[in-house]
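K.L.:
The structure under discussion is supplied below as C-alpha cells; questions concerning it will follow.
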C-alpha cells in the first residue's frame, strides 16, 4: 500500500480581498466573505473524507489533509469548483513540509494550480497537474535551500535558474569618421556639453 500524500489547499487572493474590504470599511461584505470561506473549507473537508482521506486542519481559507490517491481527490473536487467563493491552489507532498513547499510553488504558478513535490535521490522535484493528462514534471531546480538555509551560491536572484548570468556590455568606442575625427557628438560628450 502506498504512503498517503498530504494535500494543503489554500484560497487564492483571499488575503488581498479581505484587505480591500477592510480598507473600504465594508464590514458587512467582509462578514459574508468569511462565512462563505468557512462553508467552503467545510465542503472541501467533506470531499477529503468522502474519498477516504483524513483532515488535520480546516479553517480560514486553508484545508490540510491526506489521501491515498490524489487523482481521486482532484476528480471529486471538480464538480464543486464553481460553487466555491474563490479558487483554491493545492500543494501535494509525502510530508507536510513538502506539501507546503508545493503550495508555495502552486501559488507562484497562478490561481487554482496544483503542484506536487517529491524527493528523488535526495533532491526535491516538482510537477504540476494538468487536466486530464495528470502530472507534468518540471525541470529540476538547483537546491536553493540546504538544510533549511539559503545557499547563496545556488540562488538565482530573481532570474530563472536556466537564465544565463547577466553581463554588462563592453563599453563601445566612438568610431572615427573619414576625416579622422570622432565627430561633434563625441567631442561634445567629452567636454560635458551633451
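The values are calculated or read from the model by the stated rules, or taken from the named source; none is laboratory data. Just so you know, these numbers come straight off a predicted model, no measurement behind them. Every residue, glycine as well, gets a Cβ built from its backbone with ideal geometry; the counts of neighbours run over all protein chains shown.
K.L.:
What's the total number of residues in the range 126-137 that are in contact with a helix residue (DSSP H, G or I) (Cβ under 7 Å, 6 or more places away or on another chain) and either over 22 Å from residue 76 (Cβ atoms) or modelled with pLDDT of 90 or more (or both)?
P.N.:
Of the residues in the range 126-137, 1 are in contact with a helix residue (DSSP H, G or I) (Cβ under 7 Å, 6 or more places away or on another chain) and either over 22 Å from residue 76 (Cβ atoms) or modelled with pLDDT of 90 or more (or both).
K.L.:
Right, something else. So which strands (runs of 3 or more DSSP E) stay within the range 9-93 end to end and still have 1 or more residues that are surrounded by fewer than 18 Cβ atoms within 10 Å (Cβ to Cβ), touching a strand residue (DSSP E or B) at 6+ places or on another chain (Cβ under 8 Å) and at negative phi?
P.N.:
In the range 9-93, the matching strands (runs of 3 or more DSSP E) lie at 54-59, 62-67.
K.L.:
Going by the conditions given, is residue 103 more than 18 Å from the chain's Cα centre (by Cα) and not in a loop (DSSP other than H, G, I, E, B)?
P.N.:
So residue 103 does not fit the description; no.
K.L.:
Consider residue 155 against the criteria (1) farther than 25 Å from residue 42 by Cβ; (2) at pLDDT 65 or above: it satisfies all of them except one. Which criterion is unmet?
P.N.:
In the conditions (1) farther than 25 Å from residue 42 by Cβ; (2) at pLDDT 65 or above, residue 155 misses (2) alone.
K.L.:
Confirm whether residue 47 is more than 21 Å from the chain's Cα centre (by Cα), within 20 Å of residue 103 (Cα to Cα) and touching a residue at least 60 places away in the same chain (Cβ under 8 Å).
P.N.:
no
K.L.:
Does the range 106-125 hold any residues that are in contact with a helix residue (DSSP H, G or I) (Cβ under 8 Å, 6 or more places away or on another chain) and assigned to a helix (DSSP H, G or I), and which are they?
P.N.:
Correct list: empty.
K.L.:
Cβ-Cβ below 7 Å, separation at least six or inter-chain, first residue in the range 50-66 and touching a residue at least 12 places away in the same chain (Cβ under 8 Å), second in a loop (DSSP other than H, G, I, E, B): which pairs?
P.N.:
52/68; 65/53; 66/4; 66/53
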